Amino acid sequence: SSCVAPKTYSGLAVGQHTFQVRATDASNNQDPSAASYTWTIQSPAPPANCGPQTVLTANADTWIDQGSPSVNKGGDSVLKVMSKSGGNLRALVRFLLPPIPAGCKVDAATLRLYAGGYKDGRTLEAWRLDDAWSESTVTWTDAPATTGTPVTTSSGAGYRDWNVASHIQAMYDSGEHNGFLVRDASDNEDAEQQFHSREKSSDQPQLVLLLGPSGPP
């Protein structure tokens, strides 16, 4: 008669295991050579050591001005984000990401900019930048392109936070750590935000980064 398949086992001990199948006929004669399959259960690898939460400060930031398209603002102590007809302003910020250990991924990442001035009721977007740029030379005219989908936060006082975990993971995956562009969600309206830049003595741009194991061993 036919046998039932498949056969499954669970909770096997670490080490070598062999599964054998031997036929027996109606007269109870056994097949002299069993069919067999051998495999080994290995000890699980220890979880990767991905390190503690890290707070990074920007290693480059600036803002770009549609009204002065060839002027570089890399030395300013503020990062301006404005929605104004013919004079939209956007901020660029980049962080030096640490190497990501083998077996680790981005568990959480928060972009934080400190608002020294703001207008209520605005939605602010953070986009991942797709091209390299220089703090000391970038302008509106040669601003780097963005990629992907933006994340948003509302305007207000103090630190504004954007959840950028997927953006940071994409930077690690691509090997291109170009940073972020921050803009008002709606162009050509009268609404200016001012954030502290890395040239400010306090409340500089931050990236709060937490890495964790990428999956079971």
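The values are calculated or read from the model by the stated rules, or taken from the named source; none is laboratory data. Bear in mind the structure is a predicted one, so any value in this text is a computation, not a measurement. Cβ atoms come from the backbone with ideal geometry, glycine included; neighbour counts cover every protein chain shown. Only protein heavy atoms, including side chains, enter the accessible area calculation; ligands, DNA and RNA are left aside. Shrake-Rupley method; radii C 1.70, N 1.55, O 1.52, S 1.80 Å.
Taking 1 over the mean of 1/r across every pair of different Cα atoms in segment 60-151, what Kirkwood radius in Å do you get?
14.9
Provide the FRET efficiency to the nearest 0.05 for the A13-Y172 pair, computing r from the beta carbons and using R0 = 45 Å.
That gives a FRET efficiency of 0.75.
Once all Cα-Cα distances of segment 98-157 are split into 10 Å bins that start at 0, what whole-number percent is in each one?
Reading the bins upward from 0: 16, 32, 41, 11, 1.
So how tilted is helix 165-174 from the main axis of the chain? Cα-based, degrees 0 to 90, rounded to 10.
Here the helix axis deviates by roughly 70 degrees.
Return, ordered by residue number, the residues of segment 69-109 whose backbone nitrogen is under 15 Å from a label point located 7 Å along Cα→Cβ of D203.
Once the point is set 7 Å along Cα→Cβ of D203, 77-81 turn out to lie under 15 Å by backbone N, inside segment 69-109.
Expressed as a whole percentage, what fraction of the accessible surface of segment 1-113 belongs to carbon and sulfur atoms when a 1.4 Å probe is rolled over the protein heavy atoms?
The nonpolar share, carbon plus sulfur, comes to 50 percent.
Take every Cα-Cα distance within segment 1-68, group them into 10 Å bins from 0 onward, and report for each bin the whole-number percent of pairs it holds.
12, 22, 17, 11, 9, 9, 9, 6, 3, 1
Sticking with the crude label model, points 7 Å out along Cα→Cβ, report the distance from T57 to C3 in nm, one decimal please.
Inter-label distance under the simple model: 6.9 nm.
Quick one: which residues, 5+ away or cross-chain, put their amide H under 5 Å from the amide H of R160? H built at 1.01 Å from N.
Distant-sequence amide H within range of R160: L113, Y114, A115.
Using the heavy atoms of the protein chains and a 1.4 angstrom probe, tell me the accessible area per residue for the chain in square angstrom. Mind showing how you got there, number by number?
On the way: 11940 Å² over 217 residues.
Heavy-atom SASA per residue in the chain reads 55 Å².
Given 0.36 nm per residue, what is the gain on full extension from S68 to T123 after removing their alpha carbon distance, in nm?
Stretched out fully, the S68 to T123 stretch lengthens by 17.4 nm.
Between A26, A91, A13, which gets the highest mean-square fluctuation from a Gaussian network model of the chain, Cα cutoff 10 Å?
A26
Using θ = phi - 60° and the Karplus curve 6.51 cos²θ - 1.76 cosθ + 1.60, what whole-Hz ³J(HN,Hα) does each residue of segment 145-158 get, with Gly and Pro shown as x?
Residue by residue, segment 145-158 yields 6, 9, 8, x, 10, x, 10, 10, 8, 8, 6, x, 7, x Hz.
Identify which of S134, S68, S33 has the largest mean-square fluctuation in a Gaussian network model of the chain, with springs joining Cα atoms closer than 10 Å.
Between S134, S68, S33, it is S33 that shows the largest mean-square fluctuation.
Structure shown: which of K84/K200; K80/K105; K119/K200 lie over 29 Å apart, alpha-carbon to alpha-carbon?
Checking Cα-Cα distances, K80/K105 exceed 29 Å.
Once R0 is set to 25 Å, what does the formula 1/(1 + (r/R0)^6) return for the Cβ-Cβ distance between Q20 and T40, expressed as a FRET efficiency to the nearest 0.05? Display every interim value, and only then the final one.
Values: r = 16 Å, r/R0 = 0.64.
That pair, Q20 with T40, gives E of 0.95.
For the charge dipole of the chain, defined by +1 on Lys and Arg C-beta atoms and -1 on Asp and Glu C-beta atoms about the Cα centroid, which residue among I168, G215, S155 has the Cα displaced farthest towards the positive pole?
G215
Taking semi-axes √(5λ) of the Cα gyration tensor in Å straight from the coordinates, which label in (1) 27, 22, 19; (2) 49, 20, 17; (3) 59, 18, 15 is the correct one?
From the options (1) 27, 22, 19; (2) 49, 20, 17; (3) 59, 18, 15, the structure gives (3).
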